[in-house]
Structures are given as C-alpha cells and as structure tokens.
Amino acid sequence: MKRSDRPSESLLEQDPLPLTMTSSRYEIRVRGRLSEALLPSFPDLTARVPVETVLSGPVEDQAALHGLLERIESLGLELVEVRQLPADE
C-alpha cells in the first residue's frame, strides 16, 4: 500500500521520506569583476568576467551552496543572482 493510500495516518504521522541530493550545477553572478587575487577563492568553479563575474560549476549539496554564498559575503561581494542550471548545461 502506498503512503497516500493509508487512511489512518495523517501526513504528519507518516515516516519522513529520505532526503538525498546529488551534485547540481549552479551559476552565481556577483557585481563587478573579480580580481585575479579573488578568483582562487572559488577553485571548483569556472569564472567568466564580462561586466559581472559569472561563476559556474558543480555544487555538491545545499551545505556547499550555503558555504559558497557565505564566502561571497565574507569577501564583500555583492550577490546579483544564483540559479540552478539544467543538467545538460
């Protein structure tokens, strides 16, 4: 019987589904151009530096994404956009 077919259990009483996360690709834009001195702060990401710096690459999980965002903040960078990329980009 599927979880949703169980008449006696409310959704809150059901066992939680396991949360699994696989690595996803993200694109993170920050205002301005990162200097050559700051680019090594993001070793696992590829940087494109047109008008704004665009960092992209795989991010292991939500904790790693939050770590990247904290690093951006600690470096005093202005975050412009974060978006998850489709698997084929």
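Computed from the coordinates by the stated procedures, all read-outs in this text should not be read as laboratory data. All values reported here derive from a predicted model rather than from experimental measurement. Neighbour counts are summed over all protein chains in view; Cβ atoms, including those assigned to glycine, are modelled from backbone coordinates with ideal geometry.
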Next item on the list: Work out, step by step, the length gained on full extension between residue 23 and residue 52: first 0.36 nm times the residue separation, then minus their alpha carbon distance; give nm to one decimal.
Entry: 8.0 nm
Checklist line | Within the range 53-89, backbone nitrogen closer than 13 Å to the virtual label 7 Å beyond the Cα of residue 33 toward Cβ | finding: 53-54
Next item on the list: Would you please give the residues with an amide H less than 5 Å from that of residue 53, counting only those at least 5 places away or on a separate chain, with H modeled from the backbone geometry?
Entry: 30, 32, 34
